[in-house]
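The values are calculated or read from the model by the stated rules, or taken from the named source; none is laboratory data. This structure is a prediction, so every number in the text was calculated from the model and none was measured. Here Cβ is always computed from backbone atoms with ideal geometry, including for glycine, and neighbour counts include all displayed protein chains. Quick note on the areas: whole protein, heavy atoms, side chains included, nothing else; ligands and nucleic acids left out. Shrake-Rupley method; radii C 1.70, N 1.55, O 1.52, S 1.80 Å.
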Amino acid sequence: MRFHLIDRIESWTPHRHIAARKVTSVDEDLWQPVGAGPVLPFGLALEALCQSATWLVMLSTDHRLRAALLAVHEATAHREIVPGDVLRIDATVESMNDEAALVDGTVTVDGETVLEARGILCALVANERLDDPADTARMAHQLQGGGPVR
């Protein structure tokens, strides 16, 4: 992954659930200007959820497989995300085999749901086709609070 929208993996249960977070900062180049001030585009909040699901797949398969988004059945934004918000991301696998995964998830800020998505359909592809396995392992270590690996 080259465009990282999660800062930390807080917990995960193999093949089932992941909880992650993203601390937003006004200094990031993510913001869309609107009349009331900058907001995070809806698509980037959804991407943070999808990236969390991808990490769940990679961790659950010892970095062998990665999720590639195919479709989202339904996604709803409940309020705008603004600089300084801490996104709590929860993704749950509804079904998964070696070829595909179906995921549901939510993004919350201070306990308030800001985004819900259902029916996130992903193809599962060999991770080594898309990224260096050593880079994936290093990033997974960092996201789980292990600090830099050299």
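Here are a few things to note about the model shown:
- Extreme residue, most open to solvent (accessible area, probe 1.4 Å), among residues of the stretch 25-74 that are charged (D, E, K, R) and free of Cβ contacts under 8 Å to residues at least 60 places away in the same chain: 29
- Taking the stretch 47-56 as the range and being under 8 Å from the mean Cα position of the chain (by Cα) and not acidic (Asp, Glu) as the test, the residues that pass are 48, 49, 50, 51, 52, 53, 54, 55.
- When the criteria are applied in full, residue 106 fails the requirement of being out of contact with any Phe, Trp or Tyr (no Cβ under 6 Å at 6 or more places or on another chain), more than 30 Å from residue 38 (Cβ to Cβ) and polar (S, T, N, Q).
- Residue, nearest to residue 7 (Cα to Cα), within the stretch 76-98, restricted to residues that are open to solvent by 20 Å² or more (accessible area, probe 1.4 Å), hydrophobic (A, V, I, L, M, F, W, C) and over 14 Å from the mean Cα position of the chain (by Cα): 82
- Of the residues making up the stretch 20-61, those that are in contact with a helix residue (DSSP H, G or I) (Cβ under 8 Å, 6 or more places away or on another chain) and small (Gly, Ala, Ser) number 1.
- Any hit, the stretch 126-142, residues being closer than 15 Å to residue 55 by Cα and in a strand (DSSP E or B): yes
- So residue 6, is it under 21 Å from residue 139 (Cβ atoms), touching a Leu at 6+ places or on another chain (Cβ under 8 Å) and in a loop (DSSP other than H, G, I, E, B): yes
- All of 67, 101, 48 fail the test of being within 15 Å of residue 4 (Cα to Cα), touching a Cys at 6+ places or on another chain (Cβ under 8 Å) and not basic (Lys, Arg), apart from 67.
- For residue 113, the criteria (1) surrounded by 14 or more Cβ atoms within 10 Å (Cβ to Cβ); (2) touching a His at 6+ places or on another chain (Cβ under 8 Å); (3) in contact (Cβ under 8 Å) with a residue 40 or more places away in the chain hold in every case but one, which is (3).
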